[in-house]
Amino acid sequence: MIKLVKNAIGRMVPVGINGQPVIPYKGVGKYKPSGFKFAPKIVSCADYPNDGNKLISSLKEALKKAGLKNGMTISTHHHFRNGDLIANEIFEIASELGIKDLVWFPSASFECHSPLIKYLENGTIHHIEGSMNGALGRFTSEGKMKGVGVLRSHGGRYQAVQDGEVKIDIAVIAAPTADSFGNATGDRGHAACGLLGFALADSQYAEKVIVVTDNLIPFPCIPWQIQGNYVDYVVKVDKVGIPEKIVSGTTEITKSPDRLLIAEMTAKFCDEAGIIHDGFSFQAGAGGTALSIGVYFAEILREKNMKARFARGGSNKYLVQMLEDGLVEYILDGQTFDLEGVRSMRENPNHVNTSPFTSYNYHGKGNFASMLDVVILGATEVDVNFNANVVTHSDGTLLHGIGGWQNCLFSKCTILPVPLFRDRIPIIKDEVTTLCGPGELIDVIVTERGIAINPLRKDLLKKLKNSKLPIKTIQELKNEAEKICGKPAKPKFDSQIVAIVKWVDGTVIDVVRKLKN
């Protein structure tokens, strides 16, 4: 029986999972770590070739040379998004070699990783620490994964590696271009995917690092995003990824009248609240509504002859257009959502690649997230206390990862534009199914039928006091949705915990339980 305690936000969470202790959430900024960062073993150049050639004949040979064995933690990155080819190959090789109980530590997963279910079923993979999207999420929600999954934000993943919470035995970095020393970049090559920032921690802290590429060039690979001095082996393959499939999810502006209305209201809110000003900064996600808000931002900036100092990406063609039109001075990019983003990063010095260390790591000397004037995020559910959920749906099924969502909540103003209901299921609840972000960090909820400002933001309430925008309380929005759709039934769960949700500081903010049949 797993021992549970009530954490600082009232959720019952375990004090240990997968044989390791965990720390319950203590509140925003309340948990302060002590001690030292994790350090990998010291190595010697005497054990590496003097000519710098670390080329190995195949990924299988590289994994064997890296000492692949039962129980290891294997990391991959997700810059190819739904076009990743390498993660599936790693575990196919491991399965062939009879390896068991591996931990897969991806920076994110996509539907292209659903073939890994057979390796979860045959015991090659024990559990996943990273996002469990789509089919992997359903598999987890059904209680079929051998271990307990761990959901972390992008910044939380860097923090976990840096702090030694997760020790990576073998990191496999898929790189669109590399040299035989291991220097690698993502912004050029047949399979250019943009940047490799999510693999930074893996390269710095893993016991063994393998770079896999389909574009091996003579030394030096310039520019390098991954330094070959961290790399043990380099493998040349026929195809490292499918760059066209980095365009996954919604990467086009919405055509839905309701979503466009939400986007327009969000932009107007930002304008009336004085958030949009010359030199302001913003971040918006890749969803259709968020992209549309960026288009409205561009219109306001153009009309007022102003420009933003910087925008945080995920970059896409719309953000790139703003950069090239002079409406944004810099894009600080964490991942590219389309091939225009890849091109811009390669060609434009003001389109800068960043990493979870610079952008999101909470156990650092500050990060970029808290400097943003406004961030636009999505949510699957919000409750009357402004707490929000991004990993499970209203039926309780785990279907999404956290991404950078939690990290972005530290911006000066966090806005969640969400429809009042989806498929006639209200989004605003008395209590969210899974609590991923505390309400004290969420400032505004924008729906097609009204805007709710968190009562903690008295400054915003004052600024919007005489606005013609439909400002309502969150309870009024909830009542309106239930009047139209009725009150939805709560999902039914088993007592089994199938995954935990970590906060940005590594503490446990909530759990996901097995769905009852």
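The values are calculated or read from the model by the stated rules, or taken from the named source; none is laboratory data. Since we're looking at a predicted model, the values are computed, not measured. For neighbour counting, all protein chains shown are included, and Cβ atoms are generated from backbone atoms with ideal geometry for every residue, glycine included. The protein model used for the area step is the full one, side chains on, heavy atoms only, and it has no ligands, DNA or RNA in it. Shrake-Rupley method; radii C 1.70, N 1.55, O 1.52, S 1.80 Å.
Quick notes
- Tyr158 - accessible surface, heavy atoms, 1.4 Å probe, Å² rounded to 10: 10
- Ranking Lys236, Lys492, Lys69 by solvent-accessible area of protein heavy atoms (1.4 Å probe, all protein chains present), from largest to smallest, gives Lys492, Lys69, Lys236.
- Using distinct alpha-carbon pairs, which all enter the 1/r mean, Kirkwood radius of segment 460-517 in Å: 15.5
- Amide H to amide H, with H built 1.01 Å from N, Val508 comes under 5 Å of Ile23, Tyr25, Trp503, counting only residues 5 or more places away or on other chains.
- Placed amide H near Phe310: partners under 5 Å, 5+ positions off or other chain: Phe282, Glu329, Tyr330
- Summing +1 for each Lys or Arg and -1 for each Asp or Glu among the other residues whose beta-carbon sits under 11 angstrom from that of Pro257 gives -1.
- Largest accessible area first, the listed residues Glu244, Glu92, Glu329, Glu482 line up as Glu244, Glu92, Glu329, Glu482 when surface is computed with a 1.4 Å probe on the assembled protein chains.
- Near Ser411: Cβ cut-off under 13 Å, other residues only, Lys/Arg at +1 and Asp/Glu at -1. The net charge is +1.
- Rg ratio (alpha-carbon, reference 2.2 N^0.38 Å) - segment 165-280: 1.49
- Reference-scaled alpha-carbon Rg (2.2 N^0.38 Å with N residues) for segment 1-152: 1.24
- Accessible surface, per residue, of segment 20-68 when the full set of protein chains is kept, probe 1.4 Å, Å²: 73
- Kirkwood hydrodynamic radius over Cα pairs of segment 285-403, then Stokes diffusion coefficient at 37 °C and 0.692 mPa s, in µm²/s: 209
- Among His190, His277, the sequence by solvent-accessible area, most first, with a 1.4 Å probe is His190, His277.
- Here's how it looks for Ile125: its modeled amide H is under 5 Å from those of Asp101, Leu102, Leu120, which are all 5 or more places away or on a different chain.
- The heavy atoms of Asp278 offer some 100 square angstrom of accessible surface to a 1.4 angstrom probe.
- For segment 228-344, the orientation-averaged shadow of the C-alpha convex hull comes to 9.3 nm² (one quarter of the hull surface).
- Environment charge of Ile402, counting only residues whose C-beta is closer than 13 Å and scoring Lys/Arg +1, Asp/Glu -1: +1
- Heavy atoms of Leu261 accessible to a 1.4 Å probe, total area in Å² rounded to 10: 70
- Structural descriptor for the chain: relative contact order 16 percent, calculated from alpha carbon pairs under 8 angstrom and at least 6 residues apart.
- Accessible area per residue for segment 155-308, computed on protein heavy atoms with a 1.4 Å probe, is 36 Å².
- Among the listed pairs Lys268/Lys478; Lys64/Lys118; Lys3/Lys144, none has a Cα-Cα distance over 29 Å.
- For segment 46-109, the relative contact order works out to 43 percent when only alpha carbon pairs closer than 8 Å and six or more residues apart are counted.
- For the residue pairs Lys365/Lys465; Lys245/Lys317; Lys26/Lys100; Lys167/Lys239, the alpha carbons lie more than 26 Å apart in Lys365/Lys465; Lys26/Lys100; Lys167/Lys239.
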